[in-house]
Amino acid sequence: MKYKLILLSTLICFYSQAQKFDGIALTPPMGWNSWNTFKCDGINETVIREMADTMVSKGLKAVGYEYIVIDDCWQVGRDENGYIIVDKEKFPSGMKALADYIHSKGLKFGIYSDAGTHTCGGRPGSKGFEFKDAEKYAEWEVDYLKYDWCNTEGQDAIASYTLMRDALFENKRPMLFSICEWGINKPWEWAKEVGHIWRTTYDISFDGRFDGDSWGNQIGWSNILDMQVGLEKYAGPGHWNDPDMLTVGIEMPVNESRAHFTMWCMLAAPLMTGNDLRNMTIETQEILTNKNVIAIDQDKLGKQGFKIHDDGHFEIWQKPLENGGIAICLFNRDTNAKEYTLNWKKLKIREFKGDYTVSNVWENKTIGTTEDIINLQVPKRDVVLFKLIPNQ
Ligand code: GLA
């Protein structure tokens, strides 16, 4: 009995000290992840290094992108001591050398594992090896862990994610903890104490699909947007809803890429791009690096946007910004252009306080004030994004 009590109090003491790392992701994280383009077979250390190089040379680092994350399929087995074995053919220099390279560019390094026995790609998962894996990640100087939910039959999500959170914390290397259980256990209700971002849905479709299921669990990005309605109250600095990675520039027309990127910024979503940065078009680069649009995502107030108007194909979203500013986004889901008369006073903008100066964010110009009534056209499957700054 006495020993049981000692054991229990030791455990309580240990767990009451464990927590997620504070001070990380105070604005939504920005970076690049290998999955949407390279999947399992395409990754290797050359690709990852080149992506880090390009993140710097094409100006993504300068506008805030910082994480380079290797998704699934870098791992091949476990050694006799239970430590994870890196695929030596694809990563001959090892993870520490790759981390050093990424850090030498002023960027941060992310990696992937899974709470179950195996990852979604069938590689070894962390179940039963959480502390050994966390020890390795700390040794390699990893800055970000995406933790998936395949092959977790019979496991409790809160317990499994909390266990990995505690394993990371024990190793004292601050890491962003990205929870990827696809929203099935309502992570928005519990994950704030456990991780920094949590996926809210199954995977975004990377075949450029606008809406509908494509195959398996993949969902068009506009349907993912619909699934974020009502989740806004759960997001804030250090804890964000994650509607999945960007597919900007991956088999999508420019207007849809712009709309997808803008709506993710309205959602204060993590901006993890997944395209091949080395050969992206100028249009894709301009979308991904638009400072004024990114500033709406990264706004320090940390409020997720919400829908204030919906007539089926045409929606208006609002995102409160710091210092009383407001972002308003008109989103036309239709395949025809939408003519619209914008009367600011008649829109149901929450906490609308009279007079504001209005700018068109993508056009980067001031267009007037909220006293004006504007006739405008929103092109098909595109957005018009405004920023309102209070006049006082
Ligand atoms: C799951 C995740 C994806 C990706 C793959 C890798 O489907 O949701 O984001 O990490 O696994 O296998």
Among residues of the stretch 150-202 being of a type in the set (Phe, Trp, Tyr) and in contact with a Leu (Cβ under 8 Å, 6 or more places away or on another chain), the residue farthest from TRP240 (Cα to Cα) is PHE177
Determine the pairs where a residue that is in contact (Cβ under 8 Å) with a residue 12 or more places away in the chain, located within the stretch 133-160, has a partner that is surrounded by 20 or more Cβ atoms within 10 Å (Cβ to Cβ) and part of a helix (DSSP H, G or I) with Cβ atoms under 6 Å apart, the partner being 6 or more residues away or on another chain. ALA134/ALA167; ALA134/LEU168; TRP140/MET95; TRP140/ALA99; GLU141/ALA99; TYR147/MET164
Are any residues in the stretch 316-337 over 10 Å from ARG381 (Cβ atoms) and in a strand (DSSP E or B), and if so, which ones? ILE316, TRP317, GLN318, LYS319, PRO320, ILE326, ALA327, ILE328, CYS329, LEU330
Is one or more of the residues making up the stretch 65-81 within 27 Å of GLN285 (Cα to Cα), away from the ligand (no atom under 16 Å from the Cβ) and surrounded by fewer than 22 Cβ atoms within 10 Å (Cβ to Cβ)? yes
Could you list, ordered by first residue, the pairs with Cβ atoms under 7 Å in which the first is in the stretch 104-120 and in the same structural domain as ILE84 (by TED's automatic domain parsing) and among the acidic types (Asp, Glu) and the second is within 11 Å of the ligand (Cβ to nearest atom) and not in a loop (DSSP other than H, G, I, E, B), at least 6 apart or interchain? ASP114/TYR147; ASP114/ASP148
Restricting to the stretch 275-293, name every residue that is part of a loop (DSSP other than H, G, I, E, B) and under 15 Å from PHE261 (Cβ atoms). ASN275, MET280, THR281, THR289, ASN290
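Being more than 27 Å from THR152 (Cα to Cα) and either within 16 Å of the ligand (Cβ to nearest atom) or open to solvent by less than 60 Å² (accessible area, probe 1.4 Å) (or both) is the filter here, so list the residues in the stretch 94-110 that pass it. Even if it seems obvious, please write down each step before you answer.
To start, the set of residues in the stretch 94-110 that are more than 27 Å from THR152 (Cα to Cα) comprises 94, 96-108.
Residues satisfying the conditions are GLY94, ALA97, LEU98, ALA99, TYR101, ILE102, HIS103, GLY106, LEU107.
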Can you tell me which residue in the stretch 242-259 is nearest to the ligand (Cβ to nearest atom), limited to those that are open to solvent by less than 10 Å² (accessible area, probe 1.4 Å) and in contact with a strand residue (DSSP E or B) (Cβ under 7 Å, 6 or more places away or on another chain)? ASP244
Please indicate, with yes or no, whether at least one residue in the stretch 47-60 is open to solvent by less than 40 Å² (accessible area, probe 1.4 Å), at pLDDT 95 or above and of a type in the set (Ser, Thr, Tyr). yes
In the stretch 15-46, anything within 16 Å of the ligand (Cβ to nearest atom) and either under 25 Å from ILE282 (Cβ atoms) or assigned to a helix (DSSP H, G or I) (or both) is listed as GLY31, TRP32, ASN33, SER34, TRP35, ASN36, THR37, PHE38, GLY42
Exactly one of SER160, SER126, SER113, SER178 is assigned to a helix (DSSP H, G or I), within 16 Å of the ligand (Cβ to nearest atom) and at pLDDT 95 or above, and that residue is SER160
Which one of these is at positive phi and open to solvent by 60 Å² or more (accessible area, probe 1.4 Å): LYS172, LYS233? LYS172
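Going by the structure shown, is GLU189 assigned by TED's automatic domain parsing to the domain that holds GLN75, open to solvent by 10 Å² or more (accessible area, probe 1.4 Å) and not small (Gly, Ala, Ser)? Let's see the steps before the verdict.
On the way: assigned by TED's automatic domain parsing to the domain that holds GLN75: yes; open to solvent by 10 Å² or more (accessible area, probe 1.4 Å): yes; not small (Gly, Ala, Ser): yes.
Spelling it out, GLU189 is indeed assigned by TED's automatic domain parsing to the domain that holds GLN75, open to solvent by 10 Å² or more (accessible area, probe 1.4 Å) and not small (Gly, Ala, Ser).
Residues of the stretch 262-289 being of a type outside the set (Val, Ile, Thr) and either at pLDDT below 95 or open to solvent by 30 Å² or more (accessible area, probe 1.4 Å) (or both), which ones?
To start, the set of residues in the stretch 262-289 that are of a type outside the set (Val, Ile, Thr) comprises 263-272, 274-280, 283, 285-286, 288.
Listed by number, the residues that qualify are ARG278, ASN279, GLU283, GLN285, GLU286.
The values are calculated or read from the model by the stated rules, or taken from the named source; none is laboratory data. Note that this is a predicted model, so its numbers are computed, not measured. Heads up, the Cβs are rebuilt from the backbone with ideal geometry, glycines too, and the neighbour counts pull from every protein chain shown. Please note that ligands, DNA and RNA were not included when accessible areas were found on the heavy atoms of the full protein model with its side chains. Shrake-Rupley method; radii C 1.70, N 1.55, O 1.52, S 1.80 Å.
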